[in-house]
Structures are given as C-alpha cells and as structure tokens.
1. Residue 137 passes all but one of (1) over 24 Å from residue 57 (Cα atoms); (2) touching a Cys at 6+ places or on another chain (Cβ under 6 Å); (3) assigned by TED's automatic domain parsing to the domain that holds residue 18; which number fails?
2. Got at least one residue in the stretch 250-257 being farther than 26 Å from residue 195 by Cβ and among the small types (Gly, Ala, Ser)?
3. If residue 179 satisfies all but one of (1) over 25 Å from residue 232 (Cβ atoms); (2) loosely packed, with under 15 Cβ neighbours inside 10 Å, what's the number of the condition it fails?
4. Looking at (1) touching a helix residue (DSSP H, G or I) at 6+ places or on another chain (Cβ under 7 Å); (2) without any contact (Cβ under 8 Å) to a residue 24 or more places away in the chain; (3) not in a helix (DSSP H, G or I), which one does residue 210 not meet, given that it meets all the others?
5. From the list 271, 318, 311, 283, pick out the single residue that is in the same structural domain as residue 237 (by TED's automatic domain parsing) and not in a helix (DSSP H, G or I).
6. Which numbered condition trips up residue 59, out of (1) of a type in the set (Asp, Glu); (2) touching a helix residue (DSSP H, G or I) at 6+ places or on another chain (Cβ under 8 Å); (3) modelled with pLDDT under 95?
7. Could you give me the residue pairs with C-beta distances under 6 Å whose first residue belongs to the stretch 227-242 and is over 16 Å from residue 315 (Cα atoms), whose second residue is hydrophobic (A, V, I, L, M, F, W, C) wherever it lies, and which are 6+ apart or on separate chains?
8. Name every residue in the stretch 271-288 that is in contact (Cβ under 8 Å) with a residue 24 or more places away in the chain and either out of contact with any Asp or Glu (no Cβ under 9 Å at 6 or more places or on another chain) or of a type in the set (S, T, N, Q) (or both), in order of residue number.
Amino acid sequence: MTSNNSVFLLLGPEEGEKEKFIKNLKDKLSGKGNEIVEVHRFYGFDAKIADIISILQNETLFSENRLVILSYTELITRKEDINLITEYCSNPAGKACFLLLSETIGGGSRGVDRRIEKAVPKDNKKIFWELYENQKRGWIVDFFRRQGMTISPSGCNDLLEIVDNNTKQLRLECERLVLFFGKGAKIESEAIEKYIYHSKEENVFTLFDKVAQRKLDFALEVLQNLLLSREWEALQILSGLLSQFRKLAALKRLIAGNYTPSEAFSRLRINSKRVQKIYLESNKNYQAAEIKKIIMLIAEFEVRLRSVKSNLQAFLLNLFLYYVIVRGGKGAWRGGPG
C-alpha cells in the first residue's frame, strides 16, 4: 500500500457504506486473503494516541500489515494528540492503514479538528451521507430480493419506523427478519409487527416502547439486553431515542394544532397500528414541556457519553433513563427544578 493510501478520514452518518469501504481496504491489505492483517480498534473518548501511533509504526511478529481504526475522531482535542496524528499523517508507515472515523461532517466545535482534516490527503477524505427515504426503500427491497423474499411498501414503511437511520442497522434488522420468517416469505405490515413484538431481539424501538409507558424497570431490562448484544453502541442508542422523541414532539404539535391523530400519523408517515398505539401512549404520558426537556437532556448526555471511558457508558445510560421516565427530563446537570 502506498503512502497516499495509508491514511483516510471517513466522515458522515452512513455506517453501512462506511463499513463496506473499510472491508475493501482490509481486502487490499491482505492481498485477497494471502496475508494476515492485524485490526486494531480505538475510540476517541478513551484512546491514547501515543499508543496508536506506536502500533502504526512498529511491525509485530505475527503480521506486517496493520489496520488501525480510530472512531469518534472529533473527540481528539488535546494539542499534543493532534500533533501526533498530523505528524504521522505527513509520514505514514507503508504496511499500515490508519482510518480516522467520525459521524460528523463539518469542522468546528463538534467536528474533527481542522488540523487533522488538512493533514489527510484530499482524495482520502470520504463523506458517507445518510440515504434519502426512497434510497432506503430501494435498499430494503433489493436486500430481500437477493434472499428470495419480497416486502410490501407498507412493510418497508413499518421497518423504517423502527430502525436507526443507516444501512448498518437496516442490514442487522433485515438479516434477523430473514431468520425469523425464512427465505421465500413475503413480508407485509402485519409481519413486521409480529417480528417486533414476538421475536426475542431488542432494538431501540422496543426500548422506546417501555420509555413511552414510563416503566423504568422494563426499560432498564431492554437497555441491558441491547448493551449485552454488543450490536448497539451507547451513542447509537441515544441517537435512536432522539429520533423517536423528535417524532413524538412533531406528533404533539400537530395534535395541538387541531389535527386528528389519524391526520397527524399520515403526515408523519406512521402507518403501523401498533406503532401508532405506542406514540399515542407516549403522547398521553409526556407533556410538551417534558419532551422539550428530554430532547435537551439527550444533547447533554451525548456530550458526557463522548467524554467518559466505555466502561462508564452503561451507567450513564441507566441514569439517563431515570431522568427521562421518572423526572420527565428535569434536573440532571442543569440543576434546579429543570
């Protein structure tokens, strides 16, 4: 691998396409499977940059080829760490590939430091944009077609209502649907509901269901299952809940504006009767002021999740659910009555 292909900056929220790009790079490093590639993963909230640079620069007894992946690069803010990364980017090791990942796109206070961006060759900066709604539907239809299955338009809509907005989570749920129904099946709207509520798999929407009911003990149990599955990162769970609460806020505004629930659901493209029931439950159980505070609370907890070590993130998510379900978004770090 040439030095021009040794450092990449991969930005944007589309995790599925990003992972496909990483797999292709790994295949190139391995020479189509003829050589061993060591893969090392680090996260910006607890990474020691000096250790990462050491791995990149030094070959091991087992493999000359190293693939080093640093996620949440936007959290690298210390001048010393930024200098180490930029210096390495100017003279990267030939047998190593360094991938700097971030879900953010622009620079500034929430994005990757501009000095790191400038240090990466322009052609090696890739942005993975979120798919448009019609692209996601096409992705789902193509996935099931390759499996010898079909899915109805209403089934597509219902699936998109419960899945986080990237193809990584879409693929995960679609693969589970294949196992649940078997190849050759036709998936209708009712089948999606059957899968959600009768399979043993948890997702962010089943967590939101318990949050909507304001049942803390059940919500904590679902959260524990999500974290134990290791298929959901803490920040992804928080992002999924943010999407649901934003939709709930939109529903409450429409109903307050004299739309009937049926009209509001139509405007928000919430078609599943079971999903509608959950949103009506949450609309009844949370006041508009509480929803606003919860959305603000999610932003606060996102900052704190990004600043603590991974072994503390489960504790923070448990605390977050307490402040949402019991306190209605009040208190936490803002102090006072909320």
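1. If we test residue 137 against (1) over 24 Å from residue 57 (Cα atoms); (2) touching a Cys at 6+ places or on another chain (Cβ under 6 Å); (3) assigned by TED's automatic domain parsing to the domain that holds residue 18, just (3) comes out false.
2. Yes, the stretch 250-257 contains a residue that is farther than 26 Å from residue 195 by Cβ and among the small types (Gly, Ala, Ser).
3. So the condition that residue 179 fails would be (1).
4. (3)
5. Working: 318 fails: not in a helix (DSSP H, G or I); 311 fails: not in a helix (DSSP H, G or I); 283 fails: not in a helix (DSSP H, G or I).
When all the criteria are applied, what remains is 271.
6. Residue 59 satisfies every listed condition except (2).
7. If the second residue must be hydrophobic (A, V, I, L, M, F, W, C), the pairs left are 240/204; 242/298.
8. 271, 272, 279, 282, 283, 285, 286, 287, 288
The values are calculated or read from the model by the stated rules, or taken from the named source; none is laboratory data. Given the structure is predicted, the values throughout are model-derived calculations rather than measurements. Because the Cβ atoms are built from the backbone with ideal geometry, glycine has one as well, and the counts that use them run over all protein chains shown.
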